[in-house]
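See structure below.
Nothing in this text is a laboratory measurement; each read-out follows from the coordinates by a stated rule. Note that the structure is predicted; figures quoted are calculated from it, not measured. Cβ sites come from the backbone with ideal geometry, for glycine too, and all protein chains shown count toward neighbours.
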Amino acid sequence: MTAPTPRRLWLVAAPAFALALTLVGCTAVSTTDDASTVAQTADGTGAQQSAADVLAANQETHDKADDDEWDAAGATTIALSGASATVTGEGAAVDGASVMISTAGTYVLSGDYSGQIVVNSTVEGQVRLVLDGVDIDTDAGAAIDIQAADEALVILADGSANSLADADSYAEDADANAALHSKADLTITGDGSLTVTGNGNDGITSTDGLVMQSGTIDVDAADDGIHGKDYLVIRDGDITITAGGDGLKADNEEDADRGYVSIEGGTISVTSGDEGIDAFTDVVTTGGTVTVTADGGAGVGSPDDGAKGISAGVIAVFEGGTIELDAADDAINTDAYIHLSGAAVTVATGDDGVKAENQLVISAGEVTVTDSVEGLEAGQITITGGDISVSSSDDGVNVSAPDEGTAELTLIISGGTLVVDADGDGLDVNQNGITQTGGTVVVNGPTNNGNGALDSDGGMTIAGGTLLAAGSSGMAVAPMADSDQASVQFTLNGTASAGEVLTIVDASGTALASFTTSKQVASVVYTSAELTNGDTYTLASGGTVGTAIAGGLAEAGSAGSTTVATAVAGEQTSSGMGPGGGMPGGGRGMPGGEGGTPGEGGMPPGGTGGTPPSGGPGEGGTPPSDTSGESVS
């Protein structure tokens, strides 16, 4: 059977759509098999959806706030002892090596047992299993097998310690294949503890919905740890999972409003052989503390094995909570959208840090990518707020075409703070351009001349905010000169070493901003509202910095006495460096840094002190010179 297409997929964007991404919704369109025409969101929104938006479109949960309440007076008690059991009350009976529960009601279990607890209730009402000091270790199959019930509750009695362990293996067609298995909606609640050992397959599974309300839960499973087919919702609790497969999972592939994972609170620790959290549709966090190590983590497991920290088939919204992910493959990966909107997220990965196939929006919270190949990646990336830090061995922020669908590829920054430390391109848009209207961006870019701190095939326009991009000079570009806000591009007459203080000074001698390098730097691009096109600015080395802003950028301190470059704002290299780009022939020529390499597809820049590239300078004639006589941009 072919799985149906999820309800929220990639947008077929008009050229104006990217600029209005956070302002307007979209109209739903029909789904087709044509990869260039795929569904927009059914509810008129994309990656900017809130947690409430996503959950409102999903199936409501079955649980209630008072599910942990029960009355001992009318309960049936089940005393377990070795291979035998004693039932006192109605609704349950011993059948060989099993206790059979046949109707709704409250059942209090205690003692050790080598058999099974089987629930098969076809009447309306909750079946409440109160575990009050239970240790069930069976080789017959599931320790607790809920075959039928209107709704099932496992209540962990206050102060009780309980454990469940199942058989070592199951038949391929077994109906129940977890230590705690339910075919009904299942809620686990109460203030006791539960240790679950899934020897043969999963730890805890519901083939309907599964809600974890409270309790101290420790799961060790051969395959998946905690698995709710329709949904898995964690409201609270202290949960530890060790799983050979996925840690937390929801995998309904048939209903568009199901197959989601939602975390509202609690403390959750997952060590998994495959995905830490895996949802066929959505992952939503509004609270709690989540720690995931997938397949050993970054640099341990192989990215080719595909073990991701969090994986969602449609959208992941991180609105609250603290999330720490260490994954062999992508830390966060979705087939469509990601919205980071308030959570504190820290990730390390053997591949991409945060990857949305289609749209990534960051509007609030803290996002830290400590180790990655590429830090942030999506078809469209929009940053309106938040405090973001990215470290990458390749591109820091990468906008690239999705596997399916078409849209204008854009990077839009209107707020927040973004700090990038990249060995590849700092900000990279493989088609179209970068737009900045606000926020603070600091790029500690590459030291090799085959990459640039900024790399945008469609150029970069800036109308507000602050940008400082430092790196090699061989592929260096700056925002376009006709942008609403002025920019200045310095090509150093040498190379600044790591730890050096560079200060931008205007023609009157006023220091505007200071920057402490974190690696070798041959090019510095700076833009802020203080700059004026046509004015000359100096980059001075030495001196001191003022109050730190972000990523080495600081308010102006005292400028050093050594001039390492001068430049005129508005006279910068602003073309894209994609295929066929290279150095422009119609604007002012810019020499490369020492050992500079050619722009891809274009003419090579000169070395330090060299001449402009072939084609000659445009208006403005030859490049100006600083006091040392070496040409600068």
- prompt: Taking Cα centroids, how far is the range 213-228 from the range 462-486 in Å?
  reply: 50 Å
- prompt: Hey, can you rank 218-224, 53-59, 63-69 by average C-beta count inside 10 Å, highest first?
  reply: 218-224, 53-59, 63-69
- prompt: Any idea how far apart residue 158 and residue 431 come out in nm if each label point goes 7 Å out from Cα toward Cβ?
  reply: 6.2 nm
message: Need the C-alpha centroid separation for the range 171-210 versus the range 274-293, integer Å.
response: 19 Å
task: May I ask for the distance between the Cα centers of the range 375-405 and the range 80-119, given as a whole number of Å?
output: 55 Å
message: Along each principal axis of its Cα atoms, how long is the range 476-534 end to end? Whole angstroms, biggest number first, please.
response: 32, 25, 18
statement: Too long for a 24 Å Cα-Cα cut-off, among 355/519; 64/229; 249/308; 183/308; 64/308, are 355/519; 183/308; 64/308
- request: Please work out the ratio of the alpha-carbon Rg of the range 275-330 to 2.2 N^0.38 Å and round it to two decimals.
  value: 1.11
message: From the C-alpha coordinates alone, can you work out the Kirkwood hydrodynamic radius of the range 367-432, in Å?
response: 11.9 Å
- request: Check each of the GluC sites (Glu not before Pro) in the range 234-334 and keep only those in coil by DSSP with at most 14 other C-beta atoms within 10 angstrom; list them in order.
  value: 254
- prompt: How big is the Cα convex hull of the range 123-278 in projection, averaged over all directions, in nm²?
  reply: 8.5 nm²
